[in-house]
Amino acid sequence: MYGDLNLNNVFYKDNSAFLIDADNVRYESEKAMCVIFTPNYGALEISQTSKNSDTTNYNTMLSDTFSFAIIAYELLNMVHPFDGNGADGGVENFIELPWIEDSENDSNRSCGLLPFFLTRDLKNLLAQCFEEGKKDPLKRPTMPLFIESLEKASLQVLECENCSDRKSVV
């Protein structure tokens, strides 16, 4: 379990991603002395724990999956999945808002144009994670499902033959 996945803790080099700031890595069975998360990347159950001292939620693989889904969406769409119109109202933690493509609540739609870089399968997994799985970690898709969906999506990327620096076209 990583415990604090966010864009600042991921380093990219030569088509590989590395997790840095590894002082928060631990086995899931080990309980941390405190809750570790970055605002707007931590799962709802983790960010609410920091506000309410009566709860005892800790970082888990399921909270890591939620954070991973945020990062994947943000990298593929160049916008945070919870940073829509509702985030302008002084909300401290975007995660408390509906995600910008929520199927039942459009109060936090994004005012910008959303690129269409998501396959139907990947968009369904993200919707499951950010809607049903937002309040119920057990309803989140597993990491292997995200990995499989991302691998399938990568097979749909076409390489530009005339580009010397190997740019891709979707």
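The values are calculated or read from the model by the stated rules, or taken from the named source; none is laboratory data. Because the structure is predicted, anything quoted here is derived from the model rather than measured. All Cβ positions, glycine included, derive from the backbone under ideal geometry; neighbour counts span all protein chains shown. Ligands, DNA and RNA are excluded from the accessible area calculation, which covers all protein heavy atoms including side chains. Shrake-Rupley method; radii C 1.70, N 1.55, O 1.52, S 1.80 Å.
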Just checking, how many residues over region 82-107 are out of contact with any Ser or Thr (no Cβ under 9 Å at 6 or more places or on another chain), in a loop (DSSP other than H, G, I, E, B) and under 24 Å from Leu138 (Cβ atoms)?
-> 6
Across region 30-64, which residue is modelled with the highest pLDDT among those that are open to solvent by less than 20 Å² (accessible area, probe 1.4 Å) and farther than 25 Å from Leu145 by Cβ?
-> Thr49
Among residues of region 131-159 being open to solvent by 40 Å² or more (accessible area, probe 1.4 Å) and of a type in the set (A, V, I, L, M, F, W, C), the residue nearest to Thr119 (Cα to Cα) is Leu150
Taking region 65-102 and keeping only residues that are among the hydrophobic types (A, V, I, L, M, F, W, C), over 22 Å from Val10 (Cα atoms) and open to solvent by 20 Å² or more (accessible area, probe 1.4 Å), one is left with Val91, Leu97
